[in-house]
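Notes to accompany the following structure.
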Amino acid sequence: MFDHFVVPNLLPAAPEIFLALMASAILLIDLFVKDSRRTVTFALSVLALLGCAAIQLWVAVPDVTYTFSHMFVADLMSVLLKLLVYLTVIVVLFYSRAYVIDRGEMNKGEYYVLTLFATLGMMVMISANHFVTVYIGIELLSLSLYAMVAMNRDSLAASEAAIKYFVLGALASGLLLYGMSMIYGATGSLEITAVARQVHGANVNGNLLVFGLIFLVAGLAFKLGVVPFHMWIPDVYHGAPTSVTLLIGSAPKLAAFAVVIRLLVSGLLAAANEWQDMLIIMAVLSMAIGNLAAIAQTNIKRMLAYSAISHMGFMLLGIVTGVVAVVGADGTVGGDISNALDAYSSAMFYVIAYVLMSLGTFGMILMMARAGFEADTLDDFKGLNQRSPWFAAIMMMLMFSMAGVPFFIGFFAKFAVLMAVIAAGYTWLAIVAVLFSLIGAFYYLRVVKLMYFDAPTDETPIRAGLDMRLLISANGVAVALFGMFPQSIMALCAAALVYSHFPH
């Protein structure tokens, strides 16, 4: 029975194995921690993520490596995105520390363990080369997040947000599974590289494939939070504890980007004519609804939720125009690979820039919050300049960057995507994107106006630990510095895609 069993190469998955073991160990160790601040659990969680980063660099090779019967792929794109995920989650833990300690019902070992399991889910999503692996990664991330949203059991808003998130998430998972089963029926395989060969060879059941694609794209759109599958985002961002909103609004975007690239670009590129228009419609609607709905919000977390919808719509433009560059009107794959690479790397750059800006913005909300006070309405930012000129300046840089004002990282992220859109011949799409960005600038600049021109409603000095102050400052300065020198990240994104499981 075991004659043909081949022991898989475990090295490419060493960071995942290490994190799974560490998360399980931390869960047990926490039972014996008597410290109410959970310092040991926090420190071990950060060390586990640093250990993952070290192992990731140690096992990284420039070649594309498959293991677990081609279900898991290790390439430079996965290495770069995973390192960014570790860094993002470490920053999330530091930003959340004081907030979690102030709210005793959240200051439990489970908070840190669930964060690590969510990170593990993201890692699996990034390295998935099989539809089942993608699904396992998504569910591991989603189930951890559902539990984290509901952690503050005394909060009605959090419980309501968790139920909405769970019900809609289960529906999206069902759509995703249904789409995957149809694609299996059409191609006879669930391995992404094998599906790509079958679709490219045109020996598939066309109608079944199109139906499968519709369900697959719907499921992915929910995970990205783009229109019309965006209903959960404002409620979850608003209802969840701010430290959990910070996690949901940052690292998972990197994993979702990887899944879209793996499934749609690596696996179903030859069927691009079937899904390209769906993505364009979702991108335009996301930018429209996201930016227009954000104007009406008085709660900054809801405002940032709608802003996230518009940003993900913008990112989709990069992926769509990359596909246009390599897929001809007749559906054949040829075209200009360098244009496609520019478009995909601009989408990747956009996600990285968005995560950096999102971290800083939610970090500012967390820094201003204290026990019994959430600091999540726009009015809480009134007169911030009089309370702390430095942190008002940091928030202003973050808002300018989100709005796409030169010369911050957000401007170059938008600019790179727009250049890719124009290069693909979609000038009208670029004009639409610019118009909605101009509308979006209003609600970001409103925050700046409140900080600098309104009288403060709360004179309490901002109390935050040195680690929090240094990290927020570094975060704000990074948004400005990478805006002046965006080439380094752009080159990194392009190199990661060139040496990856990517159609050349």
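The values are calculated or read from the model by the stated rules, or taken from the named source; none is laboratory data. All values derive from a computational prediction rather than experimental measurement. FYI the Cβ positions are ideal-geometry reconstructions off the backbone, even for glycines, and counts take in every protein chain you see. Just the protein is used for accessible areas: all its heavy atoms, side chains included, with ligands, DNA and RNA removed. Shrake-Rupley method; radii C 1.70, N 1.55, O 1.52, S 1.80 Å.
The charge dipole of the chain, taken about its Cα centre with unit charges on the Cβ atoms of Lys, Arg (+1), Asp and Glu (-1) only, comes to about 780 debye. Rounded to the nearest 10 degrees, the inclination of helix 466-484 to the longest alpha-carbon principal axis of the chain is 50 degrees.
Compared with the alpha-carbon gap, the fully stretched path from Arg197 to Leu11 is longer by 64.3 nm at 0.36 nm per residue.
Using C-alpha pairs under 8 Å with a sequence gap of at least 6, the mean separation divided by the residue count of the chain gives a relative contact order of 15 percent. Helix 487-498 and the long axis of the chain differ in direction by around 30°, with both axes built from C-alpha atoms. When the label point is put 7 Å from the Cα of Ser159 along its Cα-to-beta-carbon vector, which residues of region 230-259 have a backbone N closer than 19 Å? Of the residues in region 230-259, 235-242 have backbone N under 19 Å from the label point off Ser159. Quick one: grab the alpha carbon gyration tensor of the chain, order the square roots of its eigenvalues as a ≥ b ≥ c, and give me rounded if a/c is under 1.5, else prolate or oblate depending on whether a/b is larger than b/c. Note, shape of the chain comes out oblate.
In the chain, carbon and sulfur make up what percent of the accessible area (probe 1.4 Å)? Accessible surface attributable to carbon and sulfur in the chain totals 70 percent. The overall shape of region 288-424 is prolate: from the C-alpha gyration tensor, with semi-axes ordered a ≥ b ≥ c, the ratio a/c is 1.5 or greater and a/b exceeds b/c.
Across region 407-486, C-alpha contacts under 8 Å between residues 6 or more apart give a mean separation that, scaled by the residue count, equals a relative contact order of 74 percent. With protein chains left intact and a 1.4 Å probe, residues in region 167-314 average 28 Å² of accessible area per residue.
Comparing Leu445, Ala420, Leu470 along the charge dipole axis of region 369-474, the residue lying farthest to the positive side is Ala420, per the Cβ-charge model. With an a/c value of 1.5 or above and a/b not larger than b/c for the gyration tensor axes a ≥ b ≥ c computed over the alpha-carbon atoms, region 418-504 is described as oblate. Of the whole protein surface, Arg103 contributes about 20 Å² of accessible area at a 1.4 Å probe radius.
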